[in-house]
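Worksheet: the structure to be examined is printed underneath.
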Amino acid sequence: MRLAPLLALALLAGCVQPPPEEPAPAQAEAGVVIDASRPDTAFTRVATGPAAGPDLDATLDAPPRLVAGEWWRLRFDSGLNGEHVDVVRVVAEVTPEGYVIGMPHEGWYKEVISYHSPALGDVGFDLSYATHNQVFQPVKFPLVAGSTWDTVFATMPYRGEVTEVDGLRATVVLTPTNDPSPMDPLFALFGFEAAPITLVYDASLHEVARFESPIGVYEVVEHGYGFEGWVTIPRGEHTAIDYGQLGPTNPGELPMREIQVEGGFNRLTLMQAVFPLAPGVYRARTVAPDGTEFVTESTGTPTLQFFEASDPDGTWVGEDIVAGVAAVYRMGIAYHQYDILLPQGTKRSDHSHEVIR
C-alpha cells in the first residue's frame, strides 16, 4: 500500500578530542539495552574535528570524492513533530561499492532513520541510496540546468530537474509523476499527498546543502574532515513494516496484522502514528518477536512516536483499537548496527550484537 512518501520527507565544531574508551559489552536483554558507560547523547559534545573550507576541486560535473572522517552537521526543522535538532553525519568507511555513513556513537538519533533523508548506511559513489527498498537518486551528474532524470523516493515516482545553477550550487526540483488516485484523499489524511521536493546540492560541501519538503526542512550548517571517535552505522536498511489503516466509525478493533521480518538484522527503528479524525480514544500496539510491546495512544490529537527494538527477526503483530475515527500508520526499518572507530577503522558490535556486515 503506497503509504509512506512524504511522512518520510519531513524531517534531518568543536576541537578534536581523544576517542572515548570502548565500553564493556552490555548484557543482551529484551528491548534496547544502553550500557551505563555509553557517552551522553548531547549533540553539542560531538567531536567533529576542524571545520573545512570550500573544496576548490569539486564541481557540478561529477560526483564528489568523499573520505573517511568527513562530516556534516545538519539542522532539522520538522513540521511533522515540531522538533528542531542538530544531527551529525560521518563517512565511516569507503568500500569498493561506495560509502558507509553513520552518526557519532554519542550523537545517535534514531528518528533520522525514519526520515529517509539524509542518506545513512550504504551510499553509492553517485550519492544514491535506498528508501523503502528502492534506489533514490537525489542528484544526477553532471548537474546542468535543464537536465532531468526519473527516480523513486519512498515508493513514490519522481522526475528530477535541475532548475538553476549558481556557481557550485545546483537547485533540483523533484516532482511526483504518479497519476491521481481515488485513494489520494485518504493518503492526505496521513500527510502523504504528493508534492514537490526542492533540494540544493553544493559541490563545495560534497552534499545536498538543503532539503525541503512540505512538512520539513534540513540544511547543512557545518562541514569538516578528521572526525575522531566511534561512529554508529545503520547498514543494509530494509523497510520491513509499512502499512496504515483507517479506523471504524464505531468503537472497535482494526484487523490484526502479522508481519515476518527476516534478514539477520540486529536493530529496527519503529515509527507509529495516530491521526484522529474525530474525538475519541485511540491505541496503536505493536508486539516484537520477543514479546516487547510498543504502544502509542491518543485521545484526539495527532500523535507520533519512535521506538527501537533489538534482534527484530521473527513475527511482528500490529493491533489497533479505535473508539471513533482515526488513521493509524506504522513503519519499521530494520538494519545491521555496529560501530567503526575513526581514524583507526576498528569495528565492534553495539549492545552485544554480532557485527553482521
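The values are calculated or read from the model by the stated rules, or taken from the named source; none is laboratory data. Fair warning: this is a prediction, and the values are worked out from it, not measured in the lab. Glycine also receives a Cβ, built like all others from the backbone with ideal geometry; neighbour counts cover every protein chain displayed.
Quick look at the numbers
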read-out: Cβ pairs under 6 Å, 6+ apart, first in segment 259-273 and crowded, with 16+ Cβ neighbours inside 10 Å and of a type in the set (Ser, Thr, Tyr), second assigned to a strand (DSSP E or B) and modelled with pLDDT of 95 or more; value: THR269/ILE333
read-out: Filter pass, ASP86 being in a strand (DSSP E or B) and either at pLDDT 60 or above or crowded, with 16+ Cβ neighbours inside 10 Å (or both); value: yes
read-out: Top-ranked residue of segment 124-153 - restricted to ones that are more than 13 Å from the chain's Cα centre (by Cα) and of a type in the set (A, V, I, L, M), ranked as nearest to TYR335 (Cα to Cα); value: VAL135
read-out: Among (1) over 22 Å from the mean Cα position of the chain (by Cα); (2) assigned to a strand (DSSP E or B) - the single one ARG210 does not satisfy; value: (1)
read-out: ARG330 surrounded by fewer than 23 Cβ atoms within 10 Å (Cβ to Cβ), of a type in the set (Lys, Arg) and part of a strand (DSSP E or B); value: no
read-out: Condition check for ALA130: surrounded by fewer than 21 Cβ atoms within 10 Å (Cβ to Cβ), of a type in the set (Gly, Ala, Ser) and assigned to a strand (DSSP E or B); value: yes
